[in-house]
Amino acid sequence: MVKLTRRQAVRKAAGLLFALTPISHALAKTATPAQFVATRIWPAHAYTRITVESSRAVRYQHFTLENPTRLVVDIENAHINQVLQGLSGKVQADDPFIRSIRVGQNTPTTVRLVVDLKQSVNPQVFTLAPVGGFKHRLVIDLYPQGMDPDDPMMALLNANAAASSSGRTKATEQPARISKPTQQSDRGRRKPVVVLDPGHGGEDPGAVSPNGLREKDVVLSVARETKKRLEAFGYTVHMTRNEDVFIPLNVRVAKARTLQADIFVSIHADSFTSPTARGTGVYILNPRGASSAAARFLAQTQNNADAIGGVQVSGNVQVDNAILDMTQTATMRDSRKLAQAVLNELGKLNKLHKGRVDEANFAVLRAPDIPSVLVETAFISNPIEEKLLASEAFRRQCAQAISDGVRKYLGSAVLRR
Ligand SMILES: [Zn+2]
């Protein structure tokens with residue numbers, strides 16, 4: 001898939017975001033049946049998502065049944081096809097929530113999905129209007145039961161925040177080789193808390209290179225490597241995601257605040273319409289705008305993650321409405337110091353896109369009280385840097401540079417909490 005085309009389309013579609021289609025329900029009744037064009041399942045510990053993509057908006061109903069526990073979704077004015085039948089074969093044995101899925105034509109005009117469950121769930125079923133390369137999507141999110149039905153994502157976050165990162169470290173992760181714990185002579189000083197934010201995930205692949213390398217995979221790998229190194233330095237490190245799952249931008253910010261992060265580092269890979277654009281960059285928030293047209297373009301494409309990934313409702317209103325105040329002025333000054341420290345280290349590794357810290361209005365950098373930076377490791381759209389991003393060696397070098405920059409910053413920072 002050519003990502004850049006999608007991104008351009010996303011910008012045009014921005015006005016249609018989150019249209020949860022009550023209008024299209026009415027239209028669907030008399031329109032020609034929806035044609036199913038794709039199905040996907042994103043199993044994750046946080047929640048499992050089922051996506052059914054169709055040519056037209058669909059009207060649906062859902063309910064749960066017990067003995068055995070299952071979720072039934074009826075899609076009206078639709079006919080089963082091979083694409084939809086293929087959904088059953090996409091269930092993975094280790095899916096935390098789904099045991100199996102059955103698909104059938106329940107009435108001449110209604111298709112029924114029966115999701116057999118391993119545990120009781122709090123289902124969130126909603127539709128998303130077309131955006132980027134996606135057509136109409138019916139989304140079925142399965143959360144553990146007991147979560148706030150109005151905002152299960154945030155409830156999950158609050159319930160699991162403290163345990164979410166260190167406890168969920170993958171068994172396959174190896175201990176860092178570079179570990180030389182810092183001489184934290186400052187006895188009594190608590191461990192700094194770092195939140196790492198691998199961009200994108202799940203339905204949202206981020207930028208995709210011409211060869212199919214996906215930003216979401218690259219940045220998760222870099223973040224995991226970074227976590228190992230920072231822990232070896234003696235810091236407490238959490239990740240906003242440690243699996244291939246979509247997490248809305250404001251939930252990432254809220255998670256960092258719940259965890260009382262001292263710093264927040266979002267990790268991405270850049271892309272541009274021209275394959276010649278290249279170089280590493282580090283960004284901080286500028287709520288009033290961007291320092292350049294390219295930075296503005298980048299922030300827009302990154303902020304569109306919620307539309308691509310697809311979110312019904314979630315988030316922390318306080319973060320969305322964060323007011324510029326004295327705290328934020330101090331936060332922005334510290335963000336700049338952190339960004340400069342990380343940029344200095346990354347500059348030893350790769351050509352810099354610009355020689356200075358750049359600014360734009362990134363939604364994910366909007367915590368008013370946490371110094372926050374966004375690292376663009378390299379351009380996935382540039383053939384040379386795509387090869388770098390695909391290599392384990394470069395990912396480890398990036399992780400090392402980010403970690404060294406963070407350590408230099410934290411070495412002289414005054415922790416506020
Ligand atoms: Zn990104």
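Of the candidates 349, 324, 389, the single residue that is over 18 Å from the mean Cα position of the chain (by Cα), modelled with pLDDT of 95 or more and assigned by TED's automatic domain parsing to the domain that holds residue 264 is 389. Suppose the filter is buried (at least 24 other Cβ atoms within 10 Å of the Cβ) and touching a residue at least 60 places away in the same chain (Cβ under 8 Å); does residue 244 pass it? So residue 244 fails the test.
Scanning the stretch 101-117 for residues that are surrounded by fewer than 15 Cβ atoms within 10 Å (Cβ to Cβ) and free of Cβ contacts under 8 Å to residues at least 24 places away in the same chain turns up 102, 107, 108. Selection of the stretch 194-220 for residues being more than 14 Å from the ligand (Cβ to nearest atom) and open to solvent by 10 Å² or more (accessible area, probe 1.4 Å) yields 210, 211, 212. Does residue 225 count as open to solvent by 10 Å² or more (accessible area, probe 1.4 Å) and assigned to a helix (DSSP H, G or I)? When the stated conditions are applied, residue 225 passes them.
In the stretch 357-391, how many residues are free of Cβ contacts under 8 Å to residues at least 24 places away in the same chain and assigned to a helix (DSSP H, G or I)? Count: 1. If I ask for residues that are farther than 16 Å from residue 124 by Cβ and open to solvent by 50 Å² or more (accessible area, probe 1.4 Å), which ones from the stretch 54-69 would you list? Answer for the stretch 54-69, where residues must be farther than 16 Å from residue 124 by Cβ and open to solvent by 50 Å² or more (accessible area, probe 1.4 Å): 55, 56, 59, 65, 66, 67, 68. Restricting the stretch 39-96 to residues that are acidic (Asp, Glu) and part of a strand (DSSP E or B), the residue that is modelled with the lowest pLDDT is 76.
Taken as a whole, the condition of being under 15 Å from residue 373 (Cβ atoms) and open to solvent by 20 Å² or more (accessible area, probe 1.4 Å) does not apply to residue 250. Scanning the stretch 347-366 for residues that are of a type outside the set (D, E, K, R), surrounded by fewer than 24 Cβ atoms within 10 Å (Cβ to Cβ) and either under 17 Å from residue 266 (Cα atoms) or touching a strand residue (DSSP E or B) at 6+ places or on another chain (Cβ under 8 Å) (or both) yields 347, 349, 350, 352, 353, 357, 361, 363.
Inside the stretch 274-296, residues that are without any contact (Cβ under 8 Å) to a residue 24 or more places away in the chain and within 15 Å of the ligand (Cβ to nearest atom) make up a count of 1.
Can you find a residue in the stretch 262-273 that is more than 12 Å from the ligand (Cβ to nearest atom), closer than 19 Å to residue 370 by Cα, outside the structural domain of residue 137 (by TED's automatic domain parsing) and not β-branched (Val, Ile, Thr)? Yes; the residues of the stretch 262-273 include at least one that is more than 12 Å from the ligand (Cβ to nearest atom), closer than 19 Å to residue 370 by Cα, outside the structural domain of residue 137 (by TED's automatic domain parsing) and not β-branched (Val, Ile, Thr). If you go through the stretch 257-308 one residue at a time, how many are basic (Lys, Arg) and surrounded by fewer than 17 Cβ atoms within 10 Å (Cβ to Cβ)? Number of matching residues: 2.
The values are calculated or read from the model by the stated rules, or taken from the named source; none is laboratory data. Keep in mind it's a predicted model, so treat the numbers as computed, not measured. Cβ coordinates were reconstructed from backbone atoms using ideal geometry, including for glycine residues, and neighbour counts include every protein chain displayed. For accessibility, only protein heavy atoms count, side chains too; no ligands or nucleic acids. Shrake-Rupley method; radii C 1.70, N 1.55, O 1.52, S 1.80 Å.
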